[in-house]
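Trainee: I'd like to ask you about the structure that follows.
The values are calculated or read from the model by the stated rules, or taken from the named source; none is laboratory data. None of these values were measured; they are calculated from a predicted model. Glycine gets a Cβ as well: all are built from the backbone with ideal geometry, and neighbour counts include every protein chain shown.
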Amino acid sequence: MNLHGVSAIYVFEMARFKRTIWQSVVTPVITTALYFIVFGGAIGSRIENIDGVSYGSFIVPGLIMLTLLTQSLSNASFGIYFPKFTGTIYELLSAPVSTLEMLLGYVGAAATKSMLIGLIILGTATFFVDLTIAHPLMMVTFLILTSVTFSLFGFIIGIWAKGFEQLSLVPALLITPLTFLGGAFYSIDMLPEPWRTVSLFNPVVYLVSGFRWSFFGQGDVAVGVSLGVTFAFLMLCAGLIAWMFKTGYRLKA
């Protein structure tokens with residue numbers, strides 16, 4: 001294992017995070033505060049609770065998950081796309097760094113950044129609502145697993161994208177809508193049939209449900225199913241990245 005190479009990539013990516021600290025940290029905090037003002041205040045005042053949980057507390061896991069998905073995707077996709085854009089990807093491919101070591105550097109940095117922002121949002125939420133985490137170990141597990149999984153997915157998008165337009169296409173047209181339709185701000189049990197059944201085909205439902213279970217001990221689907229679906233998606237992304245590097249898909253052209 002070339003730990004020096006992994007460390008060099010990781011430190012470089014984290015340095016970019018420090019240079020954009022305002023955009024990376026302050027903006028999500030302000031956005032979270034606005035969500036609590038609009039959803040927690042305006043809508044929450046009309047909804048007493050959901051499954052015994054106050055609406056303001058109920059939306060916290062969904063807000064964190066929304067941020068984790070978008071931040072993991074954007075950080076990882078930009079991290080690998082920029083070397084392609086500048087042409088330095090060829091130096092990286094010719095360096096004595098394996099695919100695994102490259103992933104550890106880029107994906108590790110992207111996941112670290114999204115987890116830090118997720119924890120900051122969790123801290124911000126405590127100023128607005130009373131929050132108790134029923135299963136802190138599972139909360140951390142879902143936090144890490146989701147960040148790594150969608151950082152891998154973002155890495156795929158960064159390799160696939162041919163321009164900055166395509167780089168922002170998937171998060172804007174796919175991830176954000178799926179998150180809003182995945183029970184981030186409501187329970188899918190509130191939906192009538194057949195829409196509840198249709199929602200079960202949305203992979204984000206399992207992420208949000210499992211993460212919410214770690215907070216309140218209840219979710220829309222069993223926590224074991226949530227873990228299984230997330231891990232399966234992680235393995236699928238890892239396999240696709242391995243194929244991309246093996247074939248040189250949009251890397252050596």
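Trainee: Name the residues in the range 107-131 that are more than 30 Å from G5 (Cβ to Cβ) and in contact (Cβ under 8 Å) with a residue 24 or more places away in the chain, would you?
Mentor: Result: I121, L122, T124, A125, F128, V129, D130, L131.
Trainee: Tell me whether the range 112-119 contains one or more residues that are in a loop (DSSP other than H, G, I, E, B) and touching a helix residue (DSSP H, G or I) at 6+ places or on another chain (Cβ under 7 Å).
Mentor: no
Trainee: In the set F155, F216, F150, which member is closer than 21 Å to L66 by Cα, surrounded by 16 or more Cβ atoms within 10 Å (Cβ to Cβ), in contact with a strand residue (DSSP E or B) (Cβ under 7 Å, 6 or more places away or on another chain) and of a type outside the set (V, I, T)?
Mentor: F216
Trainee: Filter the range 50-72 down to the residues that are polar (S, T, N, Q) and not in a helix (DSSP H, G or I) and list them by number.
Mentor: Answer for the range 50-72, where residues must be polar (S, T, N, Q) and not in a helix (DSSP H, G or I): just S54.
Trainee: If you don't mind, another one. Could you list, in sequence order, the residues of the range 215-225 that are among the small types (G, A, S) and either out of contact with any Ser or Thr (no Cβ under 8 Å at 6 or more places or on another chain) or modelled with pLDDT of 95 or more (or both)?
Mentor: Selection gives G217, A222, G224.
Trainee: Where in the range 146-253 are there helices (runs of 4 or more DSSP H), lying wholly inside it, with at least 1 residues that are within 30 Å of F82 (Cβ to Cβ)?
Mentor: Where helices (runs of 4 or more DSSP H) fall fully within the range 146-253 and carry at least 1 residues being within 30 Å of F82 (Cβ to Cβ), they are 164-170, 176-180, 203-216, 223-247.
Trainee: Here is a further query. Of the conditions (1) surrounded by 19 or more Cβ atoms within 10 Å (Cβ to Cβ); (2) under 16 Å from the mean Cα position of the chain (by Cα), S57 clears all except one; give me its number.
Mentor: It is condition (2) that S57 fails.
Trainee: Could I ask something else about it? Scan T88, T112 and give me the residue that is within 14 Å of I144 (Cβ to Cβ), of a type outside the set (D, E, K, R) and surrounded by fewer than 24 Cβ atoms within 10 Å (Cβ to Cβ).
Mentor: Going through T88, T112 in turn, just one is within 14 Å of I144 (Cβ to Cβ), of a type outside the set (D, E, K, R) and surrounded by fewer than 24 Cβ atoms within 10 Å (Cβ to Cβ): T112.
Trainee: Among L251, L240, which is the only one that is over 16 Å from the mean Cα position of the chain (by Cα), modelled with pLDDT under 90 and farther than 19 Å from L143 by Cβ?
Mentor: Just a single option satisfies the conditions, and that option is L251.
Trainee: Specify the residue that is modelled with the lowest pLDDT; the eligible residues are those in the range 18-64 that are polar (S, T, N, Q) and closer than 18 Å to A134 by Cα.
Mentor: My answer is N49.
Trainee: Okay, moving on. Residues that are surrounded by 16 or more Cβ atoms within 10 Å (Cβ to Cβ), out of contact with any strand residue (DSSP E or B) (no Cβ under 8 Å at 6 or more places or on another chain) and of a type in the set (V, I, T): does the range 194-203 have at least one?
Mentor: Checked the range 194-203: no residue is surrounded by 16 or more Cβ atoms within 10 Å (Cβ to Cβ), out of contact with any strand residue (DSSP E or B) (no Cβ under 8 Å at 6 or more places or on another chain) and of a type in the set (V, I, T).
Trainee: Let me ask another. Take the residues in the range 129-143 that are loosely packed, with under 14 Cβ neighbours inside 10 Å and not polar (S, T, N, Q); name whichever of them is modelled with the lowest pLDDT.
Mentor: Checking each candidate, the answer is D130.
Trainee: Which condition does V97 not pass, out of (1) at pLDDT 90 or above; (2) farther than 29 Å from V223 by Cα; (3) not in a helix (DSSP H, G or I), if it passes all the others?
Mentor: Evaluating V97 over (1) at pLDDT 90 or above; (2) farther than 29 Å from V223 by Cα; (3) not in a helix (DSSP H, G or I) leaves (1) as the failure.
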